[in-house]
Amino acid sequence: MTSNVRIRFWIEAGLAALCGFLAILTLFTRDWIEALTGFDPDDHNGAFEWAIVVVLALVCVLFAFAARADRRRLRSSAPAGA
C-alpha cells in the first residue's frame with residue numbers, strides 16, 4: 001500500500017508543479033497558447049488567458065493539497081524510528 005501512496009504522491013506533486021509552472025508561464029507570456037495551438041477565442045484581449053491562469057492555479061493548489069495528504073499518510077504509516 002505504501003508504494004501505491006508513494007507513486008500517487010509523486011504524480012500529484014509533479015502535476016502540481018507542472019500546473020504551477022504553466023500558470024506562471026501564462027502570466028508572463030500570454031500568447032504561448034495561441035502560438036502552440038493557433039486557437040485564439042478572445043482575439044488577443046486576454047480574457048481566455050486569465051481564465052487559464054485561474055484554472056491552472058486552482059488545479060495546482062488542489063494537487064498540492066492531495067500530495068500533502070499522501071505525504072502525511074506515508075509518514076504516519078512509516079515504522080517508528082525510520
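Charge dipole (Cα centre; +1 on Lys/Arg Cβ, -1 on Asp/Glu Cβ; no other charges) of the chain amounts to roughly 1000 debye. Distance between the pseudo-spin-label points of residue 42 and residue 54 (7 Å out from Cα toward the beta carbon): 1.0 nm.
Remark: spin-label model distance residue 8-residue 69 equals 0.9 nm, labels positioned 7 Å along the Cα→Cβ axis.
Helical runs (DSSP H, four residues minimum) scored at -39500 (n - 2.57) apiece and divided by the length of the chain put the mean residue ellipticity at 222 nm at -27000 deg cm²/dmol. Across the chain, the relative contact order, built from alpha-carbon pairs under 8 Å that are at least six residues apart, equals 51 percent. Around residue 32, what is the net charge, scoring Lys/Arg as +1 and Asp/Glu as -1 over all other residues with Cβ under 14 Å from its Cβ? Surrounding charge for residue 32 is -3.
Here the Karplus curve 6.51 cos²θ - 1.76 cosθ + 1.60, taken at θ = phi - 60°, turns the phi angles of the range 27-40 into couplings of 5, 8, 10, 6, 8, 5, 5, 5, 5, 6, 10, x, 8, 9 Hz, with x standing for Gly and Pro. Rounded to the nearest 10 degrees, the angle from helix 47-77 to the longest Cα principal axis of the chain is 0 degrees.
Computed from the coordinates by the stated procedures, all read-outs in this text should not be read as laboratory data. Small disclaimer: the values here were computed from a predicted structure and weren't measured. In this analysis, Cβ positions are derived from the backbone assuming ideal geometry, glycine residues included, and neighbour counts consider all displayed protein chains.
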